[in-house]
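The values are calculated or read from the model by the stated rules, or taken from the named source; none is laboratory data. The structure displayed is predicted, hence computed values, not measured ones. Note that each Cβ is placed from the backbone with ideal geometry, even for glycine, and that neighbours are counted across all protein chains shown.
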Amino acid sequence: MNPARKRTVRLVVALSAAVVLATALIYTSFSAASPALTPSQLVREAQPGRSYELTGTVAKGSVHREGAVLRFAVEDRVGGTAIPLSYTGVVPDPFREGREVIVNVEKQGGRYIGENNSLITKCPSKYKTAPPSENQNS
Amino acid sequence: MAGLGFACLVLALVVCAYGIGASLYGVRSGRVEFSESGRRSVYALAGILTVAMVVLEIAFLGNDFAFNTVADTSSRTTPALYRAAAVWSSQEGSLLLWAWLMSLWSSLALFLTRKRMRDVAAYATAILLGFGGFFVGLMVFYANPFATTHPVPPEGVGLDPLLRFPTMMIHPPMLYSGYTLCTIPFAFGMGALLARRVDADWIKAIRRFAFAAWLFLGIGILLGALWSYSELGWGGYWGWDAVENASLMPWLTGTAFLHSLMIQEKRGMLKVWNVSLVLATGTLAIMGTFLVRSGVLNSIHAFGGHTLGVPFVCLIALMIAGSIYLVVSRRDMLRSQHRLDSLISRESIFLANNLVLVGLCFVIFWGTYFPLISEAFTGQEASVGPPWFDRYTVPLALILVLLSGIGPVIAWRRATLANARRNFLIPLGAALGMLLVLEIGGVTQKPLASAMFCCAAFVFGSIGQEFFRGTRARRAMAGERAPLALLALVRRNRRRYGGYIVHIGIAVLFVGVAASSSFQHASQLGLSPGQSTRVGAYEIRYVRPTATVTPKYDAAHTGSTLNLGAVLDVTKHGRHVATLNPSEGFYASEEASQGTVGSLIGGQPVSHVALDVGLTRNVWTAIEPDIEAPALKRIVTDGNSTLPPEEAVVAIAYLARAYLQHPPQAQFNFLVSPLVMWIWIGGLIVFGGALIALWPAPSTVRRRVAARSRARAVRGLARA
């Protein structure tokens, strides 16, 4: 085989390997991903046994601890549908009522279970508690 | 003061606009004095932004709550050290930090290249000032750090307690130095393409800056991991969070570039690849900065409530379009001077390392931006979790560590069988020896971790062999003693041996990662005083509760009002190991609705993790005391209804005593992680190796000095 041809063959082999790997990556990312849903969407769409990423705010007055289990409800940002959860695992420091959280949940029977250690708290306005309107451009 | 600060910003914007015009006109018309003037405007920008930074620092240290940023992120109760660091905890302040660091590093880069490559440097000046102008423009038009309010609030909100951690002082400046340093190779790469001078000169000029960018980003990433491990109450150092990933991506492409540039220097190959890597690194650095600010992705780190997304997307689109256009239009100039001779050569190992690094970057990119990609394709936002990342990154990391052992010892151009036998016998022996040790020790149940240990042993073998051979050769040649010969060896070839030390550090770091993630024992449970639990080989007993009250305006330590914790006794096989005191700090909030007592402890609680650090394992403990227990809650509600604000702290003292007398069950989080210390030790080794490689070689300094004195002598002779 002459060198030029050899190089072309190598290039084709390398490129097709890259394409195969990239396809695998893309395929698995779509199948392994958990859809991000709001509580009202979750109520409509949830199928038992599948994992969902639930985003919303912690409902006021819903947080109770029972031993290692933390019970709280997640509601839509605008209020309304609230989903009660039981969760075990690490609770991030910023977790409190009214804060935005992201938690992976699974529907088991009629109840929603938070996946172990999946709770993330988001500070909607980072590192400040003042209303956001105040720091625009004034 | 605020007026002075804002005036600085406006002036900075004018300087940027002038500098861009001057350097472009200078290089286009060939009038050097204009490009000189353009370069000087970068120095001027650095000076002006330094003044702005000082103004803001003074405002923070002096509690000038007329400044919105000060009122929002600082307070009198925030200790002075953290007030100084609070400057960059707000969106506005961090933009200023970014622009300021960029102007400083650009000034250094342009100063060092002032006598070389005038045309490339002039274009680079314009591009760097473009970045400067962009960030200053953001501050002037969207997020002014010097905005003020009237009337002046009596007290600020305070720095988020989570950020009251010593590395907060250095983590953001390090990370931002890394990001801003990434823009320097980008600017020079663009400059070289624009000036059509794509030889190895521009690469030589920015090599050090690319390396420094890599180093600072690496330090920033590791400090972030350390913060996560020792301040956030979950005990992990890496969570594949979007913002973590954003800083890792330019680091990966930067690593790839640092390797492939050696091939361009030695063999004149891979020019397109190198310039693309540099441009990608710069673009990824800006994307990383953007990700934190836009709120497009869910992250615990993201700044929210701001709309800097559109300008950033425009900038990034411009960077990508410009990069692609320039690389495509200059492709004829970027032809390789040589071809790859053999697949078994150092060039191809470097190429493989590059492909793995870029592959890793692609995986992380895809996973990080997957929520956006998924929404674009399926209309449904979805995200991938850490298991998905691990599935791809773990094997790639294994290959990477293995390659870092092969690269240094394989021959350039074409490796022969004899060469392979000579160089790979010892490393392979080390890897097999490690496998044997693991087999005998009975720790092979985690195949991926075992594979990582063997790869690391391979690296230690191959690099150890290089050091040994080099030292032996010097001893034979110069007759020096072994330690002296080793020192001389490193000193004469700083870049090479510094690089080897970096490889060792990376291998050590990955050993720490593999061991601590695969063989960790974790336990989460509620305990009452006197009860105990087993975690791995350790017995942890909750001895007694602790409680400390800090008066509101005592700015000691981190400024919490109340600390509830526990004394834990850690034993192993009945022998005392350590006494640990994890606690949780409760901070004051500004919400009046929580009542006079409630607001003293109503802020965000923060875990104070207690660690027993060891070379073989860390015992990590955190506590979550039940402050909502009925007896404690009653004290707060009673106090709220009876106590005026100035006496509210009495109720807190009462609450602390009640907690000590009748402690409710507390939640604990225990981790025993083997070898986790080695992640930080590996990081330090990398740092040391990188410093050795970055330090100017004494020979070149001496040569420069010698040349200067020779020139002086010649001039003297001519005059005589």
(message) Consider the range B:324-370. How many of its residues are under 30 Å from B:LEU403 (Cα atoms), assigned to a helix (DSSP H, G or I), touching a residue at least 12 places away in the same chain (Cβ under 8 Å) and not acidic (Asp, Glu)?
(response) 20
(request) Select from the range B:356-370 the residues that are more than 10 Å from chain A (Cβ to nearest Cβ) and over 18 Å from B:LEU258 (Cβ atoms) and list them in ascending order. (result) B:ILE364, B:PHE365, B:THR368, B:TYR369
(message) Against the definition (free of Cβ contacts under 8 Å to residues at least 60 places away in the same chain, within 23 Å of the chain's Cα centre (by Cα) and surrounded by fewer than 22 Cβ atoms within 10 Å (Cβ to Cβ)), how does B:LEU108 come out, yes or no?
(response) yes
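This table checks each residue for (1) surrounded by fewer than 19 Cβ atoms within 10 Å (Cβ to Cβ); (2) more than 14 Å from every other protein chain (Cβ to nearest Cβ); (3) of a type in the set (Phe, Trp, Tyr).
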{"residue": "B:LEU372", "(1), (2), (3)": "yes, no, no"}
{"residue": "B:PHE377", "(1), (2), (3)": "yes, no, yes"}
{"residue": "B:GLY385", "(1), (2), (3)": "yes, no, no"}
{"residue": "B:GLY407", "(1), (2), (3)": "no, yes, no"}
{"residue": "B:TRP412", "(1), (2), (3)": "yes, yes, yes"}
{"residue": "B:ALA418", "(1), (2), (3)": "yes, yes, no"}
{"residue": "B:ASN423", "(1), (2), (3)": "no, yes, no"}
{"residue": "B:PRO427", "(1), (2), (3)": "no, yes, no"}
{"residue": "B:LEU435", "(1), (2), (3)": "yes, yes, no"}
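Can you find a residue in the range B:468-481 that is within 15 Å of B:LEU435 (Cβ to Cβ) and among the β-branched types (Val, Ile, Thr)? Write out each step before concluding.
Residues of the range B:468-481 that are within 15 Å of B:LEU435 (Cβ to Cβ), as a first pass: none.
No - not one qualifying residue is present in the range B:468-481.
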(request) Return the only residue of B:MET139, B:MET169 being surrounded by fewer than 19 Cβ atoms within 10 Å (Cβ to Cβ) and assigned to a helix (DSSP H, G or I). (result) B:MET169
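Conditions tested, residue by residue: (1) surrounded by fewer than 17 Cβ atoms within 10 Å (Cβ to Cβ); (2) more than 8 Å from chain A (Cβ to nearest Cβ).
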position: B:VAL328; (1), (2): yes, yes
position: B:MET333; (1), (2): yes, yes
position: B:ASN353; (1), (2): no, yes
position: B:GLN380; (1), (2): yes, no
(request) Taking B:LEU580 as the residue in question, decide whether it is assigned by TED's automatic domain parsing to the domain that holds B:LEU527, closer than 30 Å to B:ARG534 by Cβ and buried (at least 20 other Cβ atoms within 10 Å of the Cβ). (result) yes
(request) Check B:GLY30, B:GLY93, B:GLY21, B:GLY62 and return the single one that is more than 30 Å from B:ARG197 (Cα to Cα), without any contact (Cβ under 8 Å) to a residue 60 or more places away in the chain and surrounded by fewer than 22 Cβ atoms within 10 Å (Cβ to Cβ). (result) B:GLY62
